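Chemist: Sending over a structure as structure tokens; questions will come in a sec.
Just so it is clear, none of the values below were taken in a lab; they were calculated from the coordinates. This one's a predicted model, so the numbers in the text were calculated from it and none came from an experiment. All Cβ positions, even for glycine, are placed from backbone atoms using ideal geometry, and neighbour counts span all protein chains on display.
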Amino acid sequence: MKTSILAGLAVAVTLAGASRAAQAVGPLPAPPAARSFRVGTLTLVALRDARFVARNDGKTFGIGVDPAQVALVLRRAGAPADEIYLDVGGLLVKEPGRLILIDTGLGPAFRGALAASLAQAGVTPAEITDVLITHTHADHVGGLVTATGSLAFPHATIRLSGAEWGWMRAHGDAALVRLIAPQVRTFVPGESVAPGVTAVGLTGHTPGHAGYEIVSGSDRLLDIGDTAHSAIISLARPAWTIEFDQDAAAGRASRIATLTRLARSHERVYAPHFPFPGVGRIEADGEGFAWKPDPN
Ligand SMILES: [Zn+2]
């Protein structure tokens, strides 16, 4: 059965009061962290929000695949074979006169650390001018709201694709939709959403999923959102079905096409679910791909 990441989060909430062992599935708190790097003349900061753990039981990664096959891929990468770990993060782009945040993490409902990571970067929520959303799953829009239910980024314009906003209004959290609606400005993928930042249509994971390409001089970086989740499994076996893709076939097609393009262009990538800080490059590797994290 395919369900959204929201279902996984609901499981974690249900388990919140249960034993420590039971909490080993779903989002887990992680310490705040902020890591700066450059794209051309711009400073970007990777911000940590949380961790996410899934069991290797064929229900989340490699649906329809023998978990022993999944274990083999994990072991080859030197990772534990019984659980799959993802990080959750967001990306800050510092431009002259603008502070842009791409995705907002899980938010206070799940003890997300992104707000504390932003503070480590020396930025207050009120200073954020633009929030760019890749898609409207809870680990990307949960941080739009504070613990008291108000707007987390009160002076920011919230940008997302028209298709994703349409999906959120029809199927998303109604209270969150009401709260953010006055600040939302939709775009059509391909549009420039800030100086040097272009929205890139990466439909597949969700109906209006978008990445963001940041260009400064001859340097560039693509925030791929949830085109790929695990830096190990989603790359080594991009055709395998993942629970989080709302449309498995569309998610698979987008993942393979995007990874193929990135392995050819060799441009830098930010992936919010890859190991923090999630900055590196995609390389072709056998029948799939491999993650080469930036040394910096
Ligand atoms: Zn996600």
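Chemist: When Lys and Arg each count +1 and Asp and Glu each count -1, what net charge do the other residues less than 10 Å away from Asp139, Cβ to Cβ, add up to?
Modeler: Result for the local shell: -3.
Chemist: The range 167-215: D in µm²/s via Stokes-Einstein (Kirkwood Rh, Cα pairs, 37 °C, 0.692 mPa s)?
Modeler: D, rounded to a whole number, is 271 µm²/s.
Chemist: For the residue pair Ile63 and Gln120, what label-to-label distance in nm results when each label sits 7 Å from Cα along the Cα-to-beta-carbon direction?
Modeler: With each label placed 7 Å out from Cα toward Cβ, I get 3.3 nm.
Chemist: From largest to smallest, what semi-axes in whole angstrom does the range 21-93 give when each is the square root of 5 times an eigenvalue of its alpha carbon gyration tensor?
Modeler: They are 30, 15, 10 Å, listed largest first.
Chemist: Taking the Cα-to-Cβ direction at Arg75 and at Ala249 and moving 7 Å from each Cα, how far apart do the two end points lie in nm?
Modeler: Roughly 3.5 nm, to one decimal.
Chemist: Excluding Leu176 itself, what net charge comes from residues whose Cβ is under 15 Å from its Cβ, given Lys and Arg +1 and Asp and Glu -1? It would help to have the intermediate numbers written out before the result.
Modeler: Numbers: positive: Arg169, Arg178; negative: Asp103, Asp139, Glu164, Asp173.
Residues near Leu176 contribute -2 overall.
Chemist: Could I ask something else about it? Return one quarter of the surface area of the convex hull spanned by the alpha-carbon atoms of the chain, equal to its mean projected area, in nm².
Modeler: So the mean shadow area of the Cα hull is 14.3 nm².
Chemist: Related question: Write out the GluC sites (Glu not before Pro) in the range 141-227 meeting two conditions: DSSP loop, and at most 16 other Cβ atoms within 10 Å of their Cβ.
Modeler: Sites meeting the loop and neighbour criteria: Glu191.
Chemist: With contacts defined as alpha carbon pairs under 8 Å and 6 or more residues apart, what's the relative contact order of the chain in percent? Don't skip to the answer; put the middle values down first.
Modeler: On the way: 686 pairs, mean separation 50.7, N = 296.
Computed value for the chain: 17 percent relative contact order.
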